[in-house]
1. Can you tell me which residue in the range 229-276 is surrounded by the fewest Cβ atoms within 10 Å (Cβ to Cβ), limited to those that are β-branched (Val, Ile, Thr) and touching a residue at least 60 places away in the same chain (Cβ under 8 Å)?
2. Picking from Ala221, Ala239, which residue would you name as being more than 23 Å from Phe109 (Cβ to Cβ), part of a helix (DSSP H, G or I) and hydrophobic (A, V, I, L, M, F, W, C)?
3. Could you tell me whether His305 is over 21 Å from Gly373 (Cβ atoms), crowded, with 19+ Cβ neighbours inside 10 Å and at pLDDT 95 or above?
4. Take the residues in the range 307-329 that are within 21 Å of Ile357 (Cα to Cα) and basic (Lys, Arg), then tell me which one is farthest from the chain's Cα centre (by Cα).
5. Within the range 66-75, is even one residue assigned to a loop (DSSP other than H, G, I, E, B) and of a type in the set (Val, Ile, Thr)?
6. Which is among the acidic types (Asp, Glu), without any contact (Cβ under 8 Å) to a residue 60 or more places away in the chain, under 20 Å from Val181 (Cβ atoms) and out of contact with any helix residue (DSSP H, G or I) (no Cβ under 7 Å at 6 or more places or on another chain), of Glu210, Glu226?
7. With respect to Asp163, is the statement that it is outside the structural domain of Arg359 (by TED's automatic domain parsing), touching a residue at least 60 places away in the same chain (Cβ under 8 Å), on the phi < 0 side of the Ramachandran plot and of a type in the set (Asp, Glu) true?
8. Being acidic (Asp, Glu), modelled with pLDDT of 95 or more and either crowded, with 24+ Cβ neighbours inside 10 Å or closer than 14 Å to Ala209 by Cα (or both) narrows it down to one residue among Asp142, Asp163; which is it?
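The values are calculated or read from the model by the stated rules, or taken from the named source; none is laboratory data. These figures come from a predicted structure and were not determined experimentally. A quick note on method: Cβ atoms are made from the backbone with ideal geometry, for glycine too, and the neighbour counts reach across all protein chains shown.
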Amino acid sequence: MRQFTEEQTMFRESYRRFLAEEIAPHMPAWREAGIIDRGAYKKAGDRGFLMVWPEEKYGGLGDEDFRYEQVIIEETCRAGCGEFYATLHSRLVGPYFKRFGTAEQRDRFLPRCVSGDTILAIAMTEPDAGSDLAGMRSTAEDKGDHFLLNGSKTYISNGINGDVVIVAAKLAGAEKKHALVLLIVERGMEGFERGRNLDKMGQHAQDTAELFFRDVKVPKANVLGEPGQGFYYLMEGLAEERLISAVGAAINARRAFDITRDFVTARKLFGKALAEQQNTQFRMAEMDAEIDLVQTYVDHLVSEHNAGRLTSIQGAKAKMLATEIEWKMVDLGVQLHGGAGYMNEYPICGMFTNARINRILAGSSEVMRLIIGRDVFSQNYQSILS
């Protein structure tokens, strides 16, 4: 039995109506345009759906229960609106202000983030540095009253829409390769430029761009936390980021299952429904069980996260398992749809292309295996020593 409070159930119903009224009808146009209309964020903010966790003085509910974000992710995916990825703004980037920001920074940025007037993004990835943050080449040079930022970033979600971008850069002159600084770069700062809105395989309504920084003067008031500690700040948020990915992948897998079940029940092959064929039943039975198991583990980790016990290893396991099961299900869905699965008019087609990125973002499946494997053998080594 999944554990949601009465308030969260009511929140789910309200958010489901919001998606049906304000988001889902516009998704085809936004996919064609390659970007979500900024007004969608404002509408979500006006109804209290954009950022739940900030204190009431900033406009939020002041409730940090992760299950609220779980509800938002699940309903957004169920409605086929996954490209309206407000969770990036609300839960991946916004909490940096809470964890590492000053009171002045929270007062300055959070109210407009909660209302949807300001859209957030985070910039870590570079052409030659994805999961390996130590390979970052962007630099921030301390000039006394400001940092001078130079470099470029790529594959940045909300890269076009983003008004405030948290940029990770190497601290110029630092001896340690992991000495990073997090800078709050605002729209309109001189030297901050955006490249093209990148043409992607899927997730067409989610704007993804290149960002360029040429001698951008970032005032010290826009430094998050302590310069040189940025690498550890980024690592601190990775467990939740991977849990977020797992929540979305698990519900996407279930949605793909439901869509496929409906299709094979109606589709005829050799005089009877495809659902009556033994192969279909066996494959779908296997997926039903695997999706249930992943969902149970994800729900468990949400509870662990709320209790402050979520570890980076657990996050890596959930992310790897959920995204792999999601991919397995959307691939099976296309296969069981036959030729129809290759047609954009069928939802499973878009789900297939949209899902491909999920085994890459927030750490690829290969990186997750590396993290988990190191932990496995570290434990074995310790047990041998003891």
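1. Here the residue is Ile259.
2. Answer to the check: Ala239.
3. The answer is yes for His305.
4. Checking each candidate, the answer is Lys328.
5. Taking the range 66-75 first, the residues assigned to a loop (DSSP other than H, G, I, E, B) are 66.
Those still in the list that are of a type in the set (Val, Ile, Thr) too: none.
Looking through the range 66-75, none of the residues is assigned to a loop (DSSP other than H, G, I, E, B) and of a type in the set (Val, Ile, Thr).
6. Values: Glu210 fails: under 20 Å from Val181 (Cβ atoms).
Among Glu210, Glu226, only Glu226 is among the acidic types (Asp, Glu), without any contact (Cβ under 8 Å) to a residue 60 or more places away in the chain, under 20 Å from Val181 (Cβ atoms) and out of contact with any helix residue (DSSP H, G or I) (no Cβ under 7 Å at 6 or more places or on another chain).
7. It is false that Asp163 is outside the structural domain of Arg359 (by TED's automatic domain parsing), touching a residue at least 60 places away in the same chain (Cβ under 8 Å), on the phi < 0 side of the Ramachandran plot and of a type in the set (Asp, Glu).
8. Just one listed residue meets the conditions, Asp163.
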